[in-house]
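Structure first, commentary second.
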Amino acid sequence: MASINPYAQFEKAFVSGGENYKYYDLPSIDQKYDQLPFSLRVLLESAVRNCDNFHILKKDVECILNWKPDNRLGQNDEEISFKPARVILQDFTGVPAVVDFAAMRDAVLELGGNPEKINPICPADLVIDHSVQVDFSGTSDALAKNQNLEFERNKERFTFLKWGARAFDNMLIVPPGSGIVHQVNLEYLARVVFETDIEGGKLLYPDSVVGTDSHTTMINGLGVLGWGVGGIEAEAVMLGQSISMLLPEVIGYKLVGKLGPLATSTDLVLTVTKHLRQLGVVGKFVEFYGPGVSELSIADRATISNMCPEYGATVGYFPIDENTLTYMKQTNRSEKKIDIIRQYLLATRQMRNYANESQDPRFTETITLDLSTVVTSVSGPKRPHDRVSVKDMKKDFAVCLTNPVGFKGFAIAPDSLQSSGQFQWDDNKSYTIRHGSVVIAAITSCTNTSNPSVMLGAGLLAKKAVERGLSIMPYIKTSLSPGSGVVTYYLKESGVIPYLEKLGFDIVGYGCMTCIGNSGPLDENVVNTIEKNGLVCCGVLSGNRNFEGRIHPNTRANYLASPLLVIAYAIAGRVDIDFETEALGIDNDGKKVFLRDIWPTRNEIQEVENKHVIPAMFQEVYSKIELGSQEWQTLQVSESKLYPWSGVSTYIKRPPFFEGMALMLPPLRSIRNARCLLYLGDSVTTDHISPAGSIARNSPAARYLSENGLTPKDFNSYGSRRGNDAVMARGTFANIRLVNKLVTKTGPRTTHIPSQEEMDIFDCAERYREEGTPLILLVGKDYGSGSSRDWAAKGPFLLGIKAVIAESYERIHRSNLVGMGIIPLQFLPGQNAESLGLSGREVYNINIPEQGLKPGQHIQVEADCNVFDTILRFDTEVDITYYKNGGILNYMIRKMLN
């Protein structure tokens, strides 16, 4: 039973502009407050404000106040509950959320309840960041052609979302064509400080957010505490549930000095990413401090925070300072709003002065980076934290070619190092490509397109390159996909668009594109040449992820780089170039042109930025953002509160998650006579698990769509079909780079153990289902790293997987597994499948106690005659509650009906 807030006595008020504002005076609660990291002060405020001794307990507040820097993860089991201020969804994860909400309404009705009880309580911002596939590039009308094609492909999905906006209260939907969700969040949606109407005035509290994409962390650059969660966990938050979490370690990352004149924020973020990944910050908060922070713009900070999932932390937090408020003014937030924010933050000591060391809180551990040591860098060829300085790039790529197959190796035989191939292009000329040739060059992703300094830098570099007569080979697929309309605005106003277009970097759309694998098809002549000659060709992109198979099947090496370097490598046509000693090309006068000759300095870029990135642009773009395009406005949708499911739709389908659900909790049962569906190694990412990218024509998903009357040109992508569980189940583990130890070749295949027949993974899972056999997975370290994709848990659930046994888990994915009722088990320290002698061909029994299940307890597993203990990775009592209910959503239905 809820009670009066025990901290009500600390509620204070002030008057501004004739309005009454209330807030909780955090510094007055306990003198320990001033020692807390600023990120934990946000958690504390939420606990104080929401404390009702029911959802949020007084001990949650006391736990945060008593946080000790020396409490290490694994030693500190202090659990707290956190209620974020809002949820942000992008449509690829938003569609499943709305589908689940619609299906939950049906389930509640079928169980005798009021379906309209299923409605968001926590504010939800849904951005239709529809991840345009770049079918057209290098032409002036590429943007219109791509967007028209995307609307044609995704009209049914957009119609469904527009229905959701009307059917569910407290949900804001930003229509398609507006930009990348995280950039729209930064420039428009973020409140920094919330204002909620209450009796007698407005209540002020910090903006905080969880989102259904791991790069939700980008908003920490604005001082808004936020991180990615699984879609199913986000849905629970929308329904008013708190998040249970272990109180984290907080690593203080001190920045000193200034970036050099040629270094970019991308170089800085790749340096930080490698540094923190080596340090090991998984599950921890990283909070930036020190005088060097003041030298970074909010866009620079957001770039660093955006890459947080790549260095493994929960958040990379930059406390709010005057630069934050200046950015809010620049992005057209009102002076009144900014003044209220300043008053509130000063009153609660959440305003940071990075030059004032007396404000520095205590941290679990501190590390320092001198910004002046940052050098021009890229990262790859297969992981975002494998930073390579540009000066070492030529040598590094050569080593990668001959290294054994791995994150830094392709195992090219010595006699094949000089392999090359020729092909004819549309201009009737013959072109040659070889190992290291660039075939995709994309300025893409919110990591960098939100940052005017690197975008304008790329434009200035393009201008200088064109003026010197440099060009790009026509077969290189070039594209520019801004994160919002504001980027296009200031690129046009600064006069650099014509030069970018001259080099082939035409604007192709707004949304996640090449970075998410939507680079579109390469020309068949290029593809055939690559495949025939076994070439390691390259993609260069200003994105955040470059895992194998993600960018394009025919770019085996992919490098993350600043937008400036994307253009530089595209002009060079290859990645194995030493820019110091090798020229990019020959100018109009026959002179060699080196990269240093056309590289703009930070001062040059800042001068253009100060002149052209102004509030009027943000006002112009965002004043009509919720209106949407003409196509969006003319979409006709049902007025019904229950969704009228179509039996023939291949986009939107009622999921089977609640079929057979009863009001009473089912008893806990052990898993008996299970088989291993897949035996996988380390660093299996959600890119390997979750359906993503194009639908291969020989895949189970393709067969399903063909059986439903579709031809390959209408298959669209897995992302666009996330609302159809039949497609997504068939696309689970469909990655062409999947390495399964139960088969000899790489790809989405496995062995049906009883018959020893090799087959597609989905078909094998269906065979086991028909035989009544439950399934498990055996995996290595860091299972589920990468994007926080809910289908990486929903898909395995639909395949019949009951448990995963891993050496370790990425935080979000472990939570997602629990949310779908899948048991995450962890090998004991020092053990793994190989050390225990497991082949994956055994029959498995997992002994689950019917009573007294506890977080972290040991669970015995029998694998034929091999018996071993594992750690139950239910980390909190809430995890156990969700599992007993069969998942988060089932729990919510029962809670609302009981």
Practice task
Quick one: which residue in Pro69, Pro115, Pro123 is outside the structural domain of Gln183 (by the TED database) and either modelled with pLDDT of 95 or more or open to solvent by 10 Å² or more (accessible area, probe 1.4 Å) (or both)?
Solution key: Pro69
Exercise for the section: Could you tell me whether Gly283 is in contact with a Leu (Cβ under 6 Å, 6 or more places away or on another chain), modelled with pLDDT under 90 and under 19 Å from Gly226 (Cα atoms)? Expected result: yes
Practice task
Determine if segment 227-245 includes at least one residue that is part of a loop (DSSP other than H, G, I, E, B) and at pLDDT 95 or above.
Solution key: no
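If I go through segment 658-679 residue by residue, how many of them are at pLDDT 95 or above and either out of contact with any Pro (no Cβ under 7 Å at 6 or more places or on another chain) or open to solvent by 20 Å² or more (accessible area, probe 1.4 Å) (or both)?
From segment 658-679, those at pLDDT 95 or above are 670-679; that's our starting set.
Then drop every residue that is not either out of contact with any Pro (no Cβ under 7 Å at 6 or more places or on another chain) or open to solvent by 20 Å² or more (accessible area, probe 1.4 Å) (or both), which leaves 670, 672-673, 675-679.
Matching residues across segment 658-679 total 8.
Kindly indicate whether Asp267 is crowded, with 24+ Cβ neighbours inside 10 Å, under 22 Å from the mean Cα position of the chain (by Cα) and of a type in the set (D, E, K, R). I'd like the intermediate steps shown before the answer.
Working: crowded, with 24+ Cβ neighbours inside 10 Å: yes; under 22 Å from the mean Cα position of the chain (by Cα): yes; of a type in the set (D, E, K, R): yes.
Against the criterion (crowded, with 24+ Cβ neighbours inside 10 Å, under 22 Å from the mean Cα position of the chain (by Cα) and of a type in the set (D, E, K, R)), Asp267 qualifies.
From Tyr317, Tyr354, Tyr311, Tyr327, which residue is of a type in the set (Ser, Thr, Tyr) and more than 26 Å from the chain's Cα centre (by Cα)?
Numbers: Tyr317 fails: more than 26 Å from the chain's Cα centre (by Cα); Tyr311 fails: more than 26 Å from the chain's Cα centre (by Cα); Tyr327 fails: more than 26 Å from the chain's Cα centre (by Cα).
Checking each option against the conditions leaves just Tyr354.
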Handout entry: Single condition Val375 does not satisfy, out of (1) under 23 Å from the mean Cα position of the chain (by Cα); (2) of a type in the set (Val, Ile, Thr); (3) open to solvent by 10 Å² or more (accessible area, probe 1.4 Å)
Key = (1)
Completion exercise
Subset of segment 270-302, residues open to solvent by less than 10 Å² (accessible area, probe 1.4 Å), assigned to a loop (DSSP other than H, G, I, E, B) and of a type in the set (Val, Ile, Thr), comes to Val281
Practice task
Can you confirm whether segment 780-791 contains a residue that is farther than 27 Å from Arg383 by Cβ, in contact with a helix residue (DSSP H, G or I) (Cβ under 8 Å, 6 or more places away or on another chain), charged (D, E, K, R) and not in a helix (DSSP H, G or I)?
Solution key: no
Exercise for the section: Pairs only if they're at least six apart or on different chains, beta carbon under 6 angstrom, first in segment 447-470 and without any contact (Cβ under 8 Å) to a residue 12 or more places away in the chain, second open to solvent by 10 Å² or more (accessible area, probe 1.4 Å); list them, first residue then second. Expected result: none
Fill in the blank from the handout: Among the residues of segment 806-832, the number that are hydrophobic (A, V, I, L, M, F, W, C), open to solvent by less than 10 Å² (accessible area, probe 1.4 Å) and within 24 Å of the chain's Cα centre (by Cα) is 5
Problem - Scan of segment 573-614 for residues that are open to solvent by 50 Å² or more (accessible area, probe 1.4 Å) and under 26 Å from Leu259 (Cα atoms), ordered by number - result: Glu580, Thr581, Arg596, Asp597, Asn603, Glu604, Gln606, Glu607, Asn610, Lys611, Ile614
Exercise for the section: Could you grab me the full set of residues in segment 410-440 that are under 29 Å from Gly543 (Cα atoms), open to solvent by 50 Å² or more (accessible area, probe 1.4 Å) and not in a loop (DSSP other than H, G, I, E, B)? Expected result: Ser420, Thr432, Arg434
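Would you point out which residue out of Ser649, Ser640, Ser629 is surrounded by 10 or more Cβ atoms within 10 Å (Cβ to Cβ), over 32 Å from the mean Cα position of the chain (by Cα), farther than 30 Å from Lys395 by Cα and in contact (Cβ under 8 Å) with a residue 40 or more places away in the chain?
Numbers: Ser649 fails: over 32 Å from the mean Cα position of the chain (by Cα); Ser629 fails: over 32 Å from the mean Cα position of the chain (by Cα).
Result: Ser640 is the single residue among Ser649, Ser640, Ser629 that is surrounded by 10 or more Cβ atoms within 10 Å (Cβ to Cβ), over 32 Å from the mean Cα position of the chain (by Cα), farther than 30 Å from Lys395 by Cα and in contact (Cβ under 8 Å) with a residue 40 or more places away in the chain.
Please verify whether segment 96-108 includes one or more residues that are more than 25 Å from Asn724 (Cβ to Cβ) and open to solvent by less than 20 Å² (accessible area, probe 1.4 Å). Steps first, answer last, please.
As a first pass, look at segment 96-108 and keep what is more than 25 Å from Asn724 (Cβ to Cβ): none.
Within segment 96-108 (the criterion being more than 25 Å from Asn724 (Cβ to Cβ) and open to solvent by less than 20 Å² (accessible area, probe 1.4 Å)), the answer is no, since none of the residues qualifies.
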Exercise for the section: For segment 858-871, indicate whether the set of residues that are modelled with pLDDT under 95 and part of a loop (DSSP other than H, G, I, E, B) is non-empty. Expected result: yes
Practice task
Give, as residue ranges, the helices (runs of 4 or more DSSP H) completely inside segment 1-119 that count at least 3 residues that are free of Cβ contacts under 8 Å to residues at least 12 places away in the same chain.
Solution key: none
Practice task
Would you please name the residue that is nearest to Trp791 (Cα to Cα), looking only at residues in segment 738-754 that are in contact with a helix residue (DSSP H, G or I) (Cβ under 7 Å, 6 or more places away or on another chain) and open to solvent by 10 Å² or more (accessible area, probe 1.4 Å)?
Solution key: Pro748
Practice task
Collect the residues in segment 1-38 that are out of contact with any helix residue (DSSP H, G or I) (no Cβ under 8 Å at 6 or more places or on another chain) and of a type in the set (Gly, Ala, Ser), keeping them in residue-number order.
Solution key: Ala2, Ser3, Ala8, Ala13, Gly18
Practice task
Tell me, please, whether a residue that is among the aliphatic types (A, V, I, L, M) and assigned to a loop (DSSP other than H, G, I, E, B) can be found in segment 824-834.
Solution key: yes
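The values are calculated or read from the model by the stated rules, or taken from the named source; none is laboratory data. The structure displayed is predicted, hence computed values, not measured ones. Backbone-built Cβ (ideal geometry, glycine too); neighbour counts: all protein chains shown. Remember, those area values only see protein heavy atoms, side chains included, never the ligands or the DNA or RNA. Shrake-Rupley method; radii C 1.70, N 1.55, O 1.52, S 1.80 Å.
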